[in-house]
Every structure is written in structure tokens, then in C-alpha cells.
Amino acid sequence: MESPPAMLTPDASRKYFENATALPTMPEVAHELLTSFRNENLDLGYLANLIGRDQSLTVKLLRMANSARYSPRHTIKTLQDAAATVGMTAMRDLALAACVSGAFPVAQGFDRLRFWRQCLATASYARVLGQACDVDQDTANLAGLVMRTGELLMLMADPETVALAESRAQLPDSLLYHEVALLHCHHLDVTAELARRWHFPEELSVAIAGAADPLAVKPFSRLAAVLRMASVMSDAGDRNLPAITTLLETQPELVKHVQLDMDWLGQHLQPYATLTAGVDQLLH
């Protein structure tokens with residue numbers, strides 16, 4: 001797949017940040033969850049107490065732990081039980097997903113469930129690809145989760161044009177091109193700036209912006225490559241297409257550059273439906 005059209009205008013994304021008071025804010029719990037990424041000795045008690053400070057977040061995670069996605073043998077009533085059921089890393093990932101999704105207002109006529117299904121799938125694919133490409137899996141997961149959130153900012157400012165770009169993006173891995181053609185910028189640049197304002201790690205912001213054309217980034221960013229590939233696979237799942245075949249068809253040069261072991265990848269992927277099950281529990 002070619003890089004985004006040359007009509008991209010560097011300053012075009014600035015308009016989405018002109019009204020600072022309208023920008024979504026991350027809850028304090030989310031910032032502390034981000035800090036926990038640097039804690040190699042993260043324990044269940046700390047994580048449960050942190051999440052437990054937010055009643056709404058607690059309810060969402062307990063609902064998720066009791067869903068068909070995890071099919072617990074007994075009713076999960078505490079965050080400690082939830083962590084034991086889904087795993088500590090998964091619980092932190094789900095908590096961040098709930099925080100990020102809750103930071104944005106609901107837009108009328110926008111398929112919110114579909115959008116966040118794609119985000120969760122992208123995060124999960126990024127985690128697996130991170131393992132395959134020697135990229136920190138937690139960072140890859142977080143970047144994959146938020147990399148499309150810039151589209152929500154664009155939607156708040158220009159819903160009709162964003163909807164038009166979505167409607168034209170019938171092929172996987174094509175949304176960036178239609179955004180640039182219609183809006184002269186794409187959601188990755190908007191997301192990168194939003195991530196900076198949310199005080200996410202700089203490495204993450206740079207990689208998200210670089211995911212627009214990973215092979216052009218100097219020095220080469222394996223995280224940016226992971227994000228672009230994860231996005232392609234999520235696009236494929238949303239369209240009921242085979243993830244690996246779609247990745248090979250749309251990003252053959254990138255796959256070759258990172259020397260991705262496709263057999264290994266196929267053995268470690270979960271179905272899109274499994275990765276996205278229970279999204280409604282996180283959003284309501």
C-alpha cells in the first residue's frame with residue numbers, strides 16, 4: 001500500500017485542538033494505570049485498589065469478567081476475583097480501554113460499538129505482533145488501543161466529512177487515504193498530538209504518527225510498523241476477511257522488512273469475534 005496522498009497539509013490537524021476546553025480529559029485513574037507500566041512488581045492488590053477508586057470503572061470490569069468472553073465458573077464479585085479470572089495484565093488493559101472510551105462523548109449517528117471493537121482488536125493484535133517483532137507488548141497494546149481516537153476528535157469537529165471518509169473506505173487499510181483526500185490530514189497525526197496532551201510516553205506518540213508510513217520513518221520504528229500491521233488486521237476482522245492474508249496483500253513490503261514469521265503469527269492469533277466480545281460491557 002502506498003503512503004498517504006501528497007495533499008496532506010501539516011497544519012491541517014491543528015484545528016481539532018483550537019478549543020482546549022472541549023478536548024477530552026483522561027481520568028486520574030488512567031494516568032496512574034499508565035504509570036504502572038513502569039512498575040515491574042505490579043501486584044494484584046495495588047491494581048484492585050486503584051481501579052476500585054472509580055465506581056463506574058469497577059462496575060464495567062466486573063460486568064466484563066462475568067461475561068461470556070471469560071465464562072467464569074462462579075459469579076465474580078470483587079476486583080481481586082476479576083484479576084484472577086482475566087489476568088492482571090488483561091484487567092489493566094480493559095481498565096484503560098474503559099477509561100479511554102469513556103473520555104469521549106457519544107456522537108449521534110456514529111457506530112460507537114463498531115469503533116471500539118476495532119480499537120480493542122487493534123490493541124490485541126498489536127500485543128501479539130509486539131511479541132513477534134521484539135517490541136514491548138504493553139506499549140504496543142496501549143498504542144494500538146488509542147491509535148484511532150484522533151478520529152473521534154475529527155468527528156466532533158466535522159462529522160459529515162469524517163462519515164464520508166468512513167463510507168469511502170471500503171477496502172481494508174484505506175481510511176488514511178480518504179481522510180487525507182477529504183480533510184488534508186489523517187487521524188494518526190491527530191491521535192499523536194492528543195497522546196502528547198494526555199502525557200502518554202513520547203515513544204508512543206511518535207510511533208502512532210509514524211504508523212502512517214512506517215517504512216519512511218528514520219530511524220525505523222518497529223512500534224510504528226506493529227501499529228500499522230495491527231490496524232490492517234483489525235480492518236480485516238471488521239470486514240470478515242482473513243487477517244494474515246489481508247496483511248500480506250496490503251503491506252507486503254512492511255511484513256518483509258520486519259521479517260515477520262507468518263506461521264508463528266497464525267498460531268498465536270485469536271479470532272476477531274473473541275477479541276471484541278463484551279465491548280458493550282465496557283461502554284455502558
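Here are a few things to note about the model shown:
- Among the residues here, L194 qualifies as touching a Ser or Thr at 6+ places or on another chain (Cβ under 7 Å) and either assigned to a helix (DSSP H, G or I) or among the aromatic types (F, W, Y) (or both).
- Annotation note: of L248, L241, the sole residue that is part of a loop (DSSP other than H, G, I, E, B) and within 12 Å of P172 (Cβ to Cβ) is L241.
- In the range 163-172, the condition of being closer than 22 Å to P252 by Cα and either surrounded by 17 or more Cβ atoms within 10 Å (Cβ to Cβ) or of a type in the set (S, T, Y) (or both) is met by at least one residue.
- Neighbours by Cβ (under 6 Å, 6+ apart or cross-chain): first from the range 87-105, within 20 Å of M154 (Cα to Cα); second not in a helix (DSSP H, G or I): C99/P27; A103/P24; A103/M26; F104/P24
- Pairing residues of the range 253-279 that are in contact (Cβ under 8 Å) with a residue 12 or more places away in the chain and loosely packed, with under 14 Cβ neighbours inside 10 Å with residues that are of a type outside the set (A, V, I, L, M, F, W, C) and assigned to a loop (DSSP other than H, G, I, E, B), at Cβ distances under 8 Å and at least 6 apart in sequence or on separate chains, gives T274/R69.
- Output for the range 70-115, where each listed residue is over 14 Å from the mean Cα position of the chain (by Cα) and β-branched (V, I, T): T75, I76, T78, T85, V86, T89, V106
- Residues of the range 66-81 satisfying the condition of being surrounded by 15 or more Cβ atoms within 10 Å (Cβ to Cβ) and either aromatic (F, W, Y) or in contact (Cβ under 8 Å) with a residue 24 or more places away in the chain (or both): S67, R69, Y70, L79, Q80
- Near pairs, Cβ below 9 angstrom, 6+ apart or cross-chain, from the range 221-245 (over 21 Å from I208 (Cα atoms)) to any residue that is in a helix (DSSP H, G or I) and among the hydrophobic types (A, V, I, L, M, F, W, C): P242/A236; I244/M233; I244/A236; I244/M262; I244/L265; T245/A236
- Filtered residue count, the range 20-35, keeping only those that are surrounded by fewer than 16 Cβ atoms within 10 Å (Cβ to Cβ) and in a helix (DSSP H, G or I): 7
- Leading residue by the ranking (surrounded by the fewest Cβ atoms within 10 Å (Cβ to Cβ)) among those in the range 125-139 that are in a helix (DSSP H, G or I) and at pLDDT 95 or above: Q131
Each row is one residue, and each column tells you yes or no for (1) part of a helix (DSSP H, G or I); (2) of a type in the set (F, W, Y); (3) free of Cβ contacts under 8 Å to residues at least 60 places away in the same chain.
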site: G144; (1), (2), (3): yes, no, no
site: R148; (1), (2), (3): no, no, no
site: M154; (1), (2), (3): yes, no, no
site: L188; (1), (2), (3): yes, no, yes
site: F200; (1), (2), (3): no, yes, no
site: A212; (1), (2), (3): no, no, no
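The values are calculated or read from the model by the stated rules, or taken from the named source; none is laboratory data. Please read all numbers here as calculations on a predicted model, not as lab measurements. Glycine gets a Cβ as well: all are built from the backbone with ideal geometry, and neighbour counts include every protein chain shown.
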